[in-house]
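Undergrad: Below is one structure. I have some questions about it.
The values are calculated or read from the model by the stated rules, or taken from the named source; none is laboratory data. Just so it is clear, the structure is predicted and the values come from calculations on it, not from any experiment. As a convention, Cβ positions derive from the backbone with ideal geometry for all residues, glycine included, and neighbour counts pool all protein chains shown.
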Amino acid sequence: MAFSSSSLRGGRKRKFKSEINVVPYIDVMLVLLIIFMAVPANEAPSAVNLPSAEKSALPPDTYIRVAVQPDKQLSIGVGGKQKIAMEDVADRTALLERLRALHEENPDYPVLIEGDRESKYEDVINLISEAKKMGINRVGLATK
């Protein structure tokens, strides 16, 4: 007795579909979209908590000190190992003018920029850049 292929399938011939079923792919993409929207970023990318560093060398005897506080308060002073009398300045342009005047009075003094841990990194880097543009070759960062 010979069986035909049509008798094994119940006498019906199946027609093949040439379409791709994309419903499972859409479901997966929607789940991934919901996951990425629901999970917030852990930290703001602009907030960097810098570690404290040990002093690699002793600071110079006399220098120009610029301090940057997190509330954008700026101060500048000249001194050394003794107590430095710092004077507050109103804004960034006044600080740069005062820095230029102090550098003209004391051209061999290096500049130490003291940035608070909570102050913006950009503010400190911009001050270093402005000091270099003025022609001050010895600019450094003060650490605690």
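Undergrad: Kindly indicate whether L33 is out of contact with any strand residue (DSSP E or B) (no Cβ under 7 Å at 6 or more places or on another chain), surrounded by 10 or more Cβ atoms within 10 Å (Cβ to Cβ) and either charged (D, E, K, R) or at pLDDT below 65 (or both).
TA: Numbers: out of contact with any strand residue (DSSP E or B) (no Cβ under 7 Å at 6 or more places or on another chain): yes; surrounded by 10 or more Cβ atoms within 10 Å (Cβ to Cβ): yes; either charged (D, E, K, R) or at pLDDT below 65 (or both): no.
For L33, the condition - out of contact with any strand residue (DSSP E or B) (no Cβ under 7 Å at 6 or more places or on another chain), surrounded by 10 or more Cβ atoms within 10 Å (Cβ to Cβ) and either charged (D, E, K, R) or at pLDDT below 65 (or both) - is not met.
Undergrad: For region 73-108, name all the residues that are of a type in the set (D, E, K, R), modelled with pLDDT under 90 and under 32 Å from the mean Cα position of the chain (by Cα).
TA: Passing the criteria: E87, D88, D91, R92.
Undergrad: Ok, one more. Looking only at region 98-117, decide whether some residue is out of contact with any Cys (no Cβ under 8 Å at 6 or more places or on another chain), surrounded by fewer than 13 Cβ atoms within 10 Å (Cβ to Cβ) and among the aromatic types (F, W, Y).
TA: No - not one qualifying residue is present in region 98-117.
Undergrad: Given the criteria under 21 Å from R92 (Cα atoms), modelled with pLDDT under 85 and not in a strand (DSSP E or B), does P70 qualify? Let's see the steps before the verdict.
TA: Details: under 21 Å from R92 (Cα atoms): yes; modelled with pLDDT under 85: yes; not in a strand (DSSP E or B): yes.
So P70 passes the test.
Undergrad: Please state which one of G135, G79 is in a loop (DSSP other than H, G, I, E, B) and free of Cβ contacts under 8 Å to residues at least 40 places away in the same chain. Before you say what the answer is, go through the steps one by one.
TA: Details: G79 fails: in a loop (DSSP other than H, G, I, E, B).
Of the residues listed, the single one that is in a loop (DSSP other than H, G, I, E, B) and free of Cβ contacts under 8 Å to residues at least 40 places away in the same chain is G135.
Undergrad: From the residues in region 91-121 that are outside any loop (DSSP other than H, G, I, E, B) and in contact (Cβ under 8 Å) with a residue 40 or more places away in the chain, which one is farthest from G77 (Cα to Cα)?
TA: Taking the candidates together, the pick is Y121.
Undergrad: Another question, if that's okay. Do the conditions hold for L112, that is, is it aliphatic (A, V, I, L, M) and at pLDDT 90 or above?
TA: Working: aliphatic (A, V, I, L, M): yes; at pLDDT 90 or above: no.
Judged against the criteria, L112 is not a match.
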